[in-house]
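Novice: After the structure tokens below, expect a handful of questions from me.
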Amino acid sequence: MTSAKVNTMSSFPLFPDQASVGAQRVDAVYFGLLAISAFFALLIFVLLIYFALKYRAGRNVDRVIRRTDYLKLEMTWIIIPLLISFAIFGWAAKVYFDLRTPPEDALEIYVVGKQWMWKVQHPNGVRENNELHVPIGRTVKLTMTSQDVIHSFFIPAFRIKQDVLPGRYTSQWFKATKVGEYHLFCAEYCGTSHSGMVGKVVVMEPLDYERWLLQGVAQESMAASGELLYARLSCNTCHKPGGRGPDLAGLFNRQVKLEGGDFVTADREYIRESIINPMAKIVQGYPRMMPTYRTQLTEDQVNEVIEYIKSMSGGQETASRSTK
Amino acid sequence: MNEAVVAETNYLNAGYGVKSWLLTTDHKRIGILYLLAITGFFFVGGFFALLMRLELLTPPGDMVNAQTYNKLFTMHGVTMVWFFLIPSIPAVLGNFLVPMMVGARDLAFPRLNLLSWYLFMISGVFTLYALITGGVDTGWTFYTPYSSAYTTTNVVPVMIGIFINGFSSILTGLNIIITVHTMRAPGLTWFRLPLFIWSIYATSLILVLATPVLAITLLLLGFEHLVGVGIFDPALGGDPILFQHLFWFYSHPAVYIMILPSMGVISELVATFSRKAIFGYRFVAAASLAIAVYGFLVWGHHMFVSGQSVYASVVFSALSYLVAIPSAVKVFNWTATLYKGRVWLQTPLLYAFGFIGLFTVGGLTGLFLAALAVDVHVTDTYFVVAHFHYIMVGGAVMGYLGGIHYWWPKMTGRLYPEGWAKFSAVVLFIGFNLTFFPQFILGYLGMPRRYFAYPSEFQILNVLSTAGASILGVGYILPMIYLTWSLRHGKPAGPNPWGGTTLEWHTSSPPITTNFETTPTVTAPAYDYHHDEPEKEEVSQGE
């Protein structure tokens with residue numbers, strides 16, 4: 001069913017590919033758990049069978065119970081599992097935390113989920129559907145949102161998964177360690193063709209990746225496409241120095257003072273909200289007059305506009321400089 | 001009691017007409033009504049599972065279409081969770097046994113009890129109606145905004161069905177709580193209660209406290225779906241994660257509604273068939289309450305990749321490890337009970353062993369899911385499917401069937417054929433493991449759940465699973481046949497065929513309508529076996 005013919009897998013695999021830095025760390029916790037579980041499961045199974053046979057009715061065995069310190073026994077099998085549990089908890093939580101916090105220098109790629117496909121946007125403007133090309137050995141951060149229902153972006157070979165929500169951005173990151181093609185699945189049930197919302201991740205050598213990025217067609221960068229949208233929707237009629245709306249140059253990630261005195265950071269979430277639902281948070285000193293662009297912009301276009309606004313950060317830069 | 005015949009007057013022959021059943025307030029008859037109803041639902045839900053497993057024999061979707069498949073897993077979940085698992089032990093065995101075990105004539109509110117059965121049946125009708133008129137395809141979890149704004153299937157009648165179903169649960173829970181508090185026989189102190197009562201009591205607390213949250217959630221969802229008020233749908237200004245919090249605030253405790261009663265059954269089986277008081281009685285009793293309380297604090301572990309705060313996830317992970325401890329305590333104590341017991345390997349004990357083994361695997365794999373880093377990889381895959389089937393089918397259903405076999409002589413006055421029963425318990429165990437163990441491997445490989453078509457390298461494991469499911473099916477049909485057969489042809493059981501010590505074994509089988517001729521007085525703990533005196537073999541076994 002899937003276009004991803006994953007060549008690294010045998011026809012009867014019992015363990016998944018391990019193709020990212022995180023995968024190794026997750027698998028270590030998994031094997032730790034497996035060892036502990038196997039020990040306790042075997043302990044219980046062996047004792048059950050042994051007692052059932054040894055003490056079966058009719059057998060003449062010693063059944064006299066000598067003084068057993070019952071409280072001590074109970075405490076033993078409460079405290080030992082508790083300590084083991086907390087050790088596993090701490091270990092798994094540490095790995096989780098590390099794998100949730102992206103390193104600084106990440107290559108940022110945008111993902112939009114919609115029934116039933118994945119749209120991927122690279123900052124230089126390359127777009128792909130149901131495929132994600134990435135270079136080996138480079139940290140990649142995915143910034144994701146959904147056009148409709150909840151989806152979940154799942155790459156088993158990297159051991160990563162994150163729900164993709166409508167109306168919000170979520171993110172996850174990875175660093176691939178093995179060249180090859182890997183499955184990409186939607187893991188949150190999203191309607192009729194949920195199991196068709198699949199694709200592949202292609203991990204490439206850096207040079208191959210550079211070549212792939214420059215594939216044939218001349219691309220507008222995301223920011224440049226955003227600039228075009230910005231002009232087409234006449235955003236700059238109001239958003240300019242001294243205009244009816246706040247000037248957006250240098251806005252990104254800056255603190256903004258709202259009506260009522262609260263402050264908010266002008267991050268992706270805030271800018272998206274201001275485009276889709278402008279009345280939610282009004283910047284102090286400006287009138288309530290901006291219309292919603294909910295029906296005029298798709299989520300990938302919103303991404304482009306935000307890229308453009310980001311590119312305006314350092315004074316009045318133009319967008320033609322790709323953020324790559 | 002060799003000449004034991006089916007007791008002359010009993011609750012079964014107290015009246016014969018349809019009305020004598022449909023208007024009964026006898027807790028035992030209502031238990032039987034529930035038994036018939038949920039058995040029907042079980043086979044309906046099982047039929048959906050069978051179709052799913054057949055579809056999954058081959059990688060491409062080819063037997064049914066994608067939407068039909070989605071409806072199948074939704075209806076399988078809805079039927080099994082709300083129409084079989086949740087009512088199974090509380091409403092069948094709980095109804096039948098709680099009054100007898102506490103030495104009472106009936107539950108505290110017999111008419112309310114009948115009302116809960118009718119509510120249950122009405123909710124079943126709504127759900128069946130939704131099913132016949134096209135089904136639902138949201139998954140039993142009804143995640144928004146898919147369920148509220150995108151699906152075109154019959155969500156509303158199913159939600160009404162589940163809403164009404166909830167009231168049936170609440171009333172049953174309330175009845176049991178009040179009965180245990182107010183109607184215990186003289187001398188039956190809390191620490192003399194059978195452990196079945198402790199766990200059914202803990203279950204009832206959850207039923208009463210958690211179910212209203214489900215009702216509220218469904219109301220809000222219906223409101224959004226019909227009126228378009230933004231509560232969960234981000235397009236209307238709502239928050240879809242809020243739905244998940246509310247849903248799991250009910251549905252995680254609901255997992256314990258399904259497993260706690262089985263744990264109670266297992267305590268009874270282990271005590272009776274090893275002729276020993278349960279080791280660490282007070283710890284096992286307290287563990288039931290601990291599970292009921294902790295169960296309310298861990299819902300967020302279903303949401304580690306949902307977009308909830310990572311700090312919330314860390315707290316929920318830690319709390320989830322805590323809830324593992326009381327379950328482990330139970331398993332250790334059951335095992336210790338067998339030590340120096342007088343183990344009688346009858347069918348109910350086989351089921352108890354099956355329960356302990358499968359629940360242990362289910363519980364331990366729960367630790368994998370509670371481990372944050374591992375959960376990110378395995379959540380929403382077949383690993384989760386395998387895990388909760390080990391708990392709910394390997395655990396809850398094994399316990400239920402063990403209980404049905406153990407109390408069958410009490411309910412019907414007849415013994416079932418032991419050889420067949422042992423055989424089918426073994427078939428069930430093998431079929432179960434073959435069905436669900438491969439799914440752990442599939443899950444770690446990354447096969448997502450709720451997939452109608454899948455990559456070809458997953459096929460062999462899926463074929464194994466489907467083969468197991470057909471064996472499992474045989475394991476369920478066999479008891480249906482021989483239990484029905486035993487109603488007419490089984491040997492009369494006599495009042496106490498297993499040598500049980502709890503109060504229900506101190507009355508005739510089947511019991512008279514009022515349960516006891518005179519109110520019993522209790523002077524000893526629940527499992528009062530004195531076998532420590534050397535060599536007095538084979539007393540009280542069917543004698």
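For every residue, the table says whether it meets (1) crowded, with 23+ Cβ neighbours inside 10 Å; (2) at pLDDT below 95.
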{"site": "B:Leu54", "(1), (2)": "no, no"}
{"site": "B:Gly61", "(1), (2)": "no, yes"}
{"site": "B:Tyr69", "(1), (2)": "yes, no"}
{"site": "B:Phe84", "(1), (2)": "yes, no"}
{"site": "B:Ile89", "(1), (2)": "yes, no"}
{"site": "B:Asn95", "(1), (2)": "yes, no"}
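Novice: Then there's this: A:Val61 - would you say it is farther than 26 Å from B:Gln439 by Cα, more than 7 Å from chain B (Cβ to nearest Cβ) and in contact (Cβ under 8 Å) with a residue 60 or more places away in the chain? Working first, answer last.
Specialist: Numbers: farther than 26 Å from B:Gln439 by Cα: yes; more than 7 Å from chain B (Cβ to nearest Cβ): yes; in contact (Cβ under 8 Å) with a residue 60 or more places away in the chain: no.
No: the conditions fail for A:Val61.
Novice: Right, another one. Collect the residues in the stretch B:348-364 that are more than 7 Å from chain A (Cβ to nearest Cβ) and hydroxyl-bearing (Ser, Thr, Tyr), keeping them in residue-number order.
Specialist: Restricting attention to the stretch B:348-364, the residues satisfying the condition of being more than 7 Å from chain A (Cβ to nearest Cβ) are B:348-352, B:354-355, B:358-359, B:362-363.
Residue satisfying the conditions is B:Tyr351 alone.
Novice: Might you let me know whether the stretch A:11-32 holds any residue that is over 30 Å from B:Pro438 (Cα atoms), more than 7 Å from every other protein chain (Cβ to nearest Cβ) and of a type in the set (D, E, K, R)? Outline the logic, then answer.
Specialist: Step one: list which residues in the stretch A:11-32 are over 30 Å from B:Pro438 (Cα atoms), which gives none.
No, that holds for no residue.
Novice: Now for a different question. Looking only at the stretch B:366-376, which residues are within 7 Å of another protein chain (Cβ to nearest Cβ) and assigned to a helix (DSSP H, G or I)? Before the answer, list the steps.
Specialist: Narrowing the stretch B:366-376 to residues within 7 Å of another protein chain (Cβ to nearest Cβ): B:367-368, B:371-374, B:376.
If the condition is that a residue be within 7 Å of another protein chain (Cβ to nearest Cβ) and assigned to a helix (DSSP H, G or I), then B:Leu367, B:Phe368, B:Leu372, B:Ala373, B:Val374, B:Val376 are the ones that fit.
Novice: Follow-up. What residue, of B:Phe423, B:Phe432, is crowded, with 21+ Cβ neighbours inside 10 Å and either under 30 Å from A:Phe153 (Cβ atoms) or out of contact with any Lys or Arg (no Cβ under 9 Å at 6 or more places or on another chain) (or both)? Before you say what the answer is, go through the steps one by one.
Specialist: Working: B:Phe423 fails: crowded, with 21+ Cβ neighbours inside 10 Å.
On inspection, the qualifying residue turns out to be B:Phe432.
Novice: A follow-up question, please. In the stretch A:263-291, which residues are under 28 Å from the mean Cα position of the chain (by Cα) and in a loop (DSSP other than H, G, I, E, B)? It would help to see each step written out before you state the result.
Specialist: Residues of the stretch A:263-291 under 28 Å from the mean Cα position of the chain (by Cα): A:263-278, A:280-281.
Answer for the stretch A:263-291, where residues must be under 28 Å from the mean Cα position of the chain (by Cα) and in a loop (DSSP other than H, G, I, E, B): A:Ala266, A:Asp267, A:Asn277, A:Pro278, A:Ala280, A:Lys281.
Novice: Only residues in the stretch B:329-347 that are more than 7 Å from chain A (Cβ to nearest Cβ) and free of Cβ contacts under 8 Å to residues at least 60 places away in the same chain count as the first member; pair them with residues that are part of a loop (DSSP other than H, G, I, E, B) and aromatic (Phe, Trp, Tyr), Cβ under 7 angstrom, at least 6 apart or cross-chain, and list the lot.
Specialist: Taking only residues 6 or more apart or on different chains, the pairs are B:Asn333/B:Phe279; B:Ala336/B:Phe279.
Novice: Identify, please: which residue in the stretch A:156-179 is out of contact with any Leu (no Cβ under 7 Å at 6 or more places or on another chain) and among the polar types (S, T, N, Q) and is, among those, surrounded by the most Cβ atoms within 10 Å (Cβ to Cβ)?
Specialist: For the stretch A:156-179, the residue satisfying everything is A:Gln162.
Novice: Please specify each residue of the stretch A:79-115 satisfying the condition of being in a loop (DSSP other than H, G, I, E, B) and either in contact with a helix residue (DSSP H, G or I) (Cβ under 8 Å, 6 or more places away or on another chain) or surrounded by 15 or more Cβ atoms within 10 Å (Cβ to Cβ) (or both).
Specialist: Passing the criteria: A:Pro102, A:Ala106, A:Gln115.
Novice: Inside the stretch A:236-262, can you point out the residues that are surrounded by 13 or more Cβ atoms within 10 Å (Cβ to Cβ), free of Cβ contacts under 8 Å to residues at least 12 places away in the same chain and outside any loop (DSSP other than H, G, I, E, B)?
Specialist: A:Asn236, A:His239
Novice: While we're looking at this one, here's another question. Residues of the stretch B:278-297 being aromatic (Phe, Trp, Tyr) and more than 13 Å from B:Ile325 (Cα to Cα), which ones? Before you say what the answer is, go through the steps one by one.
Specialist: Residues of the stretch B:278-297 aromatic (Phe, Trp, Tyr): B:279, B:281, B:283, B:294, B:296.
Once the filter is applied, which keeps residues that are aromatic (Phe, Trp, Tyr) and more than 13 Å from B:Ile325 (Cα to Cα), the stretch B:278-297 yields B:Phe279, B:Tyr281, B:Phe296.
Novice: Can you work out which of the residues in the stretch B:287-313 that are free of Cβ contacts under 8 Å to residues at least 12 places away in the same chain and part of a helix (DSSP H, G or I) is farthest from B:Phe368 (Cα to Cα)? Don't jump to the end; show me each part of the working.
Specialist: Step one: filter the stretch B:287-313 for residues free of Cβ contacts under 8 Å to residues at least 12 places away in the same chain, giving B:293, B:309-311.
Still in the list and also part of a helix (DSSP H, G or I): B:293, B:310-311.
Numbers: B:Val293: 22, B:Val310: 18, B:Tyr311: 19 Å.
Ranking the qualifying residues of the stretch B:287-313, first place goes to B:Val293.
The values are calculated or read from the model by the stated rules, or taken from the named source; none is laboratory data. Just so we're clear, the structure is a prediction, and the values are computed from it rather than from any experiment. Note that we place each Cβ from the backbone using ideal geometry, even for glycine, and neighbour counts take in every protein chain shown.
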